[in-house]
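Engineer: This is the structure, below, for whatever I ask next.
The values are calculated or read from the model by the stated rules, or taken from the named source; none is laboratory data. Just so it is clear, the model here is predicted, and its values are computed rather than measured. All Cβ positions, even for glycine, are placed from backbone atoms using ideal geometry, and neighbour counts span all protein chains on display.
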Amino acid sequence: MLDAGIIGGSGYTGGELIRLLYNHPDVNVKVATSRSFSDRKVSDVHKHLKGFTDICFQNLTPQKVKSECDVIFVAVPHGASMNVIPEIVDENTRVIDLSADYRLDTRVFESVYGMVHKDPRKAPYGLVELHPEVADENFVANPGCYPTGAILSAAPLASNKLIETAIFDSKSGITGAGISPSKTSHYPNLAENIVAYKLTTHRHKAEIVQELERLDHNINNISFTPHVIPSIRGILTTSHLFLKEDMEYDEVMSIYQQFYKNNKFIRMVEGVPSLGGVRGSNFCDIGFEMDSENRRLVVISAIDNLVKGASGQAIQNMNLMCGFEETTGLWVSGISP
Ligand SMILES: NC(=O)C1=CN([C@@H]2O[C@H](COP(=O)(O)OP(=O)(O)OC[C@H]3O[C@@H](n4cnc5c(N)ncnc54)[C@H](OP(=O)(O)O)[C@@H]3O)[C@@H](O)[C@H]2O)C=CC1
Ligand SMILES: CC(=O)N[C@@H](CCC(=O)OP(=O)(O)O)C(=O)O
């Protein structure tokens, strides 16, 4: 049995890690840190976890967490993680960082995030379907939520060098913005509404570009626009992929099926995937339709931002890094059709 620690346990992804790890047969959550809720029971803060954990939050140094745990999830905001990681990464500890601090080359990170990196280096990018080599790593950067849905929707065609232009249009539930309330999350501003933001400049575009260019270095026409919807969890991405050649539906389907043939968390669906179908689960559901007139493939991907987009994917990484079967603790369905 491995002991796990969560640095930043009082936030949304921290709570989700504790919820999911309860069902992991080989891992016990021993430590969850929080500065604001130190000494409070985890289940008093994450009330849905009552009966599933009896630990209290602690305000521990990263070194102290390392001394007590075999595997550590860092679930703090970007910019804060780079203060923690150098204290805990070593050859005896498995570390998964959920923040953006180590996902990009340092120079790209500094330009996109507008800050100087205190620990300039990049970690392997933990999108397991594209990077199975994370199994050999001690330290992995868990992908961003929007990039997970966007990259997975286009990777099979990018890898076959078939995309001329890719336009990603994503809609996210509000937990994607973290636990602190904001003007956007204020009920009258979000209810019965859809809020587009950072129309051309969202920081996640850099991750999408990094991973798709790795598959096809000639793709140079990638756009991304995010929206927040009045939903708690889930990201639905509509990807408009303008292709280099005419293709039939069956031909495209067989490319996707072949590319993802070993990936149990990718489900190719007939028709349009739904958020209910993946909510609470680590699945990424993908469906598409061909617009032959415009040589455009419209691909829809659906993920739960807190599971495949964050904590579930982090556990998927941990499973590979620790030599467990990839689906351990994660094999649950979505909650509705
Ligand atoms: N929400 C999502 O869907 C996704 C989030 N992520 C990333 O995962 C990370 C966590 O996200 P999320 O759980 O939503 O965030 P939250 O804002 O919900 O929680 C953040 C946590 O970090 C702690 N924290 C805040 N600031 C600091 C700091 N300066 N130093 C140490 N601890 C701090 C907070 O606890 P306390 O203040 O009590 O110490 C809290 O436990 C972020 O980097 C986020 O970008 C990635 C993919 C998806
Ligand atoms: C809905 C919403 O606000 N989403 C967040 C996604 C943040 C996130 O998880 O991004 P990192 O992990 O890269 O920090 C946003 O757009 O800022």
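Engineer: Name every residue in segment 320-337 that is under 17 Å from residue 262 (Cβ atoms), within 19 Å of the chain's Cα centre (by Cα) and loosely packed, with under 15 Cβ neighbours inside 10 Å, in order of residue number.
Structural biologist: 327, 331
Engineer: Confirm whether residue 288 is part of a strand (DSSP E or B) and either in contact (Cβ under 8 Å) with a residue 24 or more places away in the chain or of a type in the set (A, V, I, L, M, F, W, C) (or both).
Structural biologist: It is true that residue 288 is part of a strand (DSSP E or B) and either in contact (Cβ under 8 Å) with a residue 24 or more places away in the chain or of a type in the set (A, V, I, L, M, F, W, C) (or both).
Engineer: Run down 176, 126, 149 and say which single residue is in contact with a Cys (Cβ under 6 Å, 6 or more places away or on another chain) and either under 20 Å from residue 9 (Cβ atoms) or within 13 Å of ligand 1 (Cβ to nearest atom) (or both).
Structural biologist: Only one candidate qualifies: 176.
Engineer: Is there a residue in segment 81-97 that is in the same structural domain as residue 36 (by TED's automatic domain parsing), in contact with a Gly (Cβ under 8 Å, 6 or more places away or on another chain) and within 16 Å of ligand 2 (Cβ to nearest atom)?
Structural biologist: Yes, there is a match, as at least one residue in segment 81-97 is in the same structural domain as residue 36 (by TED's automatic domain parsing), in contact with a Gly (Cβ under 8 Å, 6 or more places away or on another chain) and within 16 Å of ligand 2 (Cβ to nearest atom).
Engineer: Restrict the check to segment 213-224 and report whether at least one residue is within 11 Å of ligand 2 (Cβ to nearest atom), modelled with pLDDT of 95 or more and among the hydroxyl-bearing types (Ser, Thr, Tyr).
Structural biologist: no
Engineer: Now, a different point. Go through the residues of segment 307-328 one by one and say whether even a single one is within 16 Å of ligand 1 (Cβ to nearest atom) and of a type in the set (Asp, Glu).
Structural biologist: no
Engineer: Something else now. Has segment 154-173 got any residue that is more than 13 Å from ligand 2 (Cβ to nearest atom), of a type in the set (S, T, N, Q), under 30 Å from residue 252 (Cα atoms) and crowded, with 23+ Cβ neighbours inside 10 Å?
Structural biologist: Within segment 154-173, not a single residue is more than 13 Å from ligand 2 (Cβ to nearest atom), of a type in the set (S, T, N, Q), under 30 Å from residue 252 (Cα atoms) and crowded, with 23+ Cβ neighbours inside 10 Å.
Engineer: May I pose another question? As an exercise: evaluate residue 319 against (1) in a loop (DSSP other than H, G, I, E, B); (2) within 20 Å of residue 24 (Cβ to Cβ); (3) not assigned by TED's automatic domain parsing to the domain that holds residue 188 and give the number of the one condition it does not meet.
Structural biologist: (1)
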